[in-house]
Amino acid sequence: MKSLLITWLFLSFSTQALELPNPLTLRHTLALATKQNLEQKQLHINIELDKIELKSYQDSYKTTVDLDLQLARRDNEKLGGTDYSHAFIKINKVLYDQNVEINQNAAKSTVKNTEFALQQLKIDKTTQVMQAFFNIILADMRHETVLERLAISAIRANRIQDNFNVEDASEVELLEKRTLTQLDVVKRIEAEAAQITTRAKLAQLLNIAYENRPDNLVKPDLTYFFKKELAGFEIWQKKIQLSNLELGELRRVLANLKQQRNLEKNNKEIVISSNIKLGEQSYDSSKNGNWRAGISFIMPFGQSQSQKNKTSKLLTKIKQQQLRIEQRTQALNQQALSLWLKLKTLKQRHQALTTELDYRDLYLELARANYEMEIKSDIGSAMSNLTDTEWKLTKNEFDFVIVFIQLQQLAGEDYEL
């Protein structure tokens with residue numbers, strides 16, 4: 001039964017050929033990552049299996065109907081043998097079973113654990129996919145910068161070659177420029193390799209074949225992130241204490257352990273059931289009618305050693321869980337502080353790079369004007385420096401957004417893109 005369910009669930013989640021938009025936006029990429037994630041599909045299957053396990057305990061309270069047929073004779077000293085046959089329909093229903101209640105409670109907790117694992121996986125996957133998406137854009141921008149530098153190197157090498165041909169440059173100068181050009185060719189090859197590997201990484205995270213990847217990505221406008229005021233660390237600390245998903249799950253597990261210990265302490269292994277018997281029997285038929293009904297109560301004397309061990313083990317687990325909550329709280333506060341301080345640095349760097357970009361843009365305009373008036377100009381370097389600053393500014397923006405969303409996730413907040 002379980003194997004059939006696993007097969008059905010896997011087929012229902014199987015990857016289909018998708019028509020991906022080209023160019024691809026960040027929002028669509030994140031939505032696609034949720035649909036195509038293999039680990040999430042596996043956890044969905046695990047949740048279904050956990051629910052089946054839970055239902056098996058709930059089914060313990062279902063009414064059962066059995067047919068009891070017996071064809072037999074019984075030795076009798078006076079009569080030499082008596083017909084001992086009977087035909088009954090037995091109807092039974094368990095009204096209460098303490099062990100079932102305890103196991104059912106544990107099964108519910110297992111479902112919650114797996115659901116939390118799924119939720120945590122989605123959170124982790126979000127930043128992974130965002131980083132992979134950003135890395136492609138940065139690789140493309142870096143490739144553009146490298147091509148500009150290679151073009152400049154080639155022009156300078158050609159000029160030195162012309163000067164060398166008319167004996168206006170030395171062989172040392174010529175070899176120097178050729179060396180610089182070759183080094184820029186290597187950088188171009190490295191930049192092209194980065195374009196391939198970053199796209200392969202995103203394709204892997206989206207569970208799509210590399211050849212089906214969209215090549216063109218839309219650079220997202222993230223400037224609104226920098227318009228927000230960054231709240232003080234104390235505010236973030238309170239949010240984490242109140243709303244952090246991991247802390248909430250650890251506290252839920254602690255509450256469940258306490259509840260389970262109380263159940264085990266009070267567990268008398270009581271079973272109360274009702275039964276009805278309908279039918280006929282060949283023996284003592286004159287004394288007994290065609291039906292009988294009753295309620296049974298079963299409770300062993302004393303508490304078994306295994307129950308005592310369970311109670312002691314649960315008490316140790318409770319202490320262990322309390323310690324785990326304290327340790328995780330400290331670790332989360334430290335992590336949040338590190339992210340918050342990094343955000344302040346990235347925000348200040350954003351201002352510095354924005355100013356630098358304005359400077360590079362103006363300098364390029366000046367270099368272009370000098371070039372058009374045939375005045376000595378370093379327009380090539382000015383163009384290269386401008387694109388390099390654009391790359392640094394974009395990377396800083398991406399880093400800021402990733403860190404900000406990580407801090408929001410720690411605080412249990414929803415994020416908007």
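The values are calculated or read from the model by the stated rules, or taken from the named source; none is laboratory data. Since this is a predicted model, take the numbers as computed values, not measurements. Here the Cβ positions follow ideal geometry from the backbone for every residue, glycine too, while neighbour counts run over all protein chains shown. Just the protein is used for accessible areas: all its heavy atoms, side chains included, with ligands, DNA and RNA removed. Shrake-Rupley method; radii C 1.70, N 1.55, O 1.52, S 1.80 Å.
Numbers for the structure displayed
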| read-out | value |
| --- | --- |
| With eigenvalues of the C-alpha gyration tensor scaled by 5 and rooted, the range 46-120, Å | 48, 11, 10 |
| Stretchable slack from Thr64 to Thr316, in nm (0.36 nm times residue separation minus alpha-carbon distance) | 86.8 nm |
| Descending principal axes extents, the range 12-161, alpha-carbon based, whole Å | 131, 29, 25 |
| log₁₀ of I(q)/I(0) at q = 0.14 Å⁻¹ - the range 126-282, Debye sum with one point per alpha carbon | -0.96 |
| Efficiency of FRET between Leu222 and Thr179 - r from beta-carbon atoms, R0 41 angstrom, step 0.05 | 0.55 |
| Long-range lysine pairs (8 or more apart or interchain), the range 30-143, Cα under 13 Å | 7 |
| Cβ-derived FRET efficiency at R0 30 Å, Tyr415 paired with Arg328, nearest 0.05 | 0.85 |
| Sites Glu365 and Asn212 - FRET efficiency at Förster radius 45 Å, r taken between beta-carbons, to 0.05 | 0.60 |
| Ile276 paired with Glu192, simple spin-label distance in nm, labels 7 Å along Cα-to-beta-carbon | 8.3 |
| Whole-percent carbon and sulfur share, accessible surface of the range 252-360, 1.4 Å | 53 |
| Cα lying deepest toward the dipole's positive end in the chain, options Gly294, Leu250, Asn92, charges on Cβ | Gly294 |
| Max mean-square fluctuation residue, GNM over the chain, Cα-Cα springs under 10 Å, options Ile91, Ile136, Ile272 | Ile91 |
| Gain on full stretching of the segment that runs from Ile295 to Ile52 - 0.36 nm per residue minus C-alpha separation | 84.5 nm |
| Rg to Rh, two decimals, where the chain supplies the alpha carbon set and Rh follows Kirkwood | 1.26 |
| Residue-normalised accessible area of the chain, given per residue in Å² at a 1.4 Å probe | 62 |
| Top of Asp168, Asp215, Asp184 by mean-square fluctuation, Gaussian network on the chain, Cα under 10 Å | Asp168 |
| Dipole-positive endmost among Ala200, Ala106, Gln348 within the chain (Cβ charges, Cα centre) | Ala106 |
| Under 5 Å, built H, 5+ apart or other chain: amide partners of Arg73 | Tyr84 |
| Alpha-carbon spread of the range 204-353, three principal axes, descending order, Å | 103, 46, 26 |
| Approximate shape of the range 75-192 as ellipsoid semi-axes (Cα gyration tensor, √5λ), whole Å, largest first | 92, 18, 10 |
| Dipole magnitude of the chain, debye to nearest 20 (Cβ charges: Lys/Arg +1, Asp/Glu -1, about Cα centre) | 2820 |
| Selected from Leu343, Leu180, Leu257 as most flexible by GNM, with the chain as the system and alpha-carbon contacts under 10 Å | Leu180 |
| Label point distance in nm, Ser85-Leu230, each placed 7 Å from Cα along Cα→Cβ | 9.1 |
| Added length on full extension, which subtracts the Cα-Cα distance from 0.36 nm per residue, Arg27 to Ser306 | 95.0 nm |
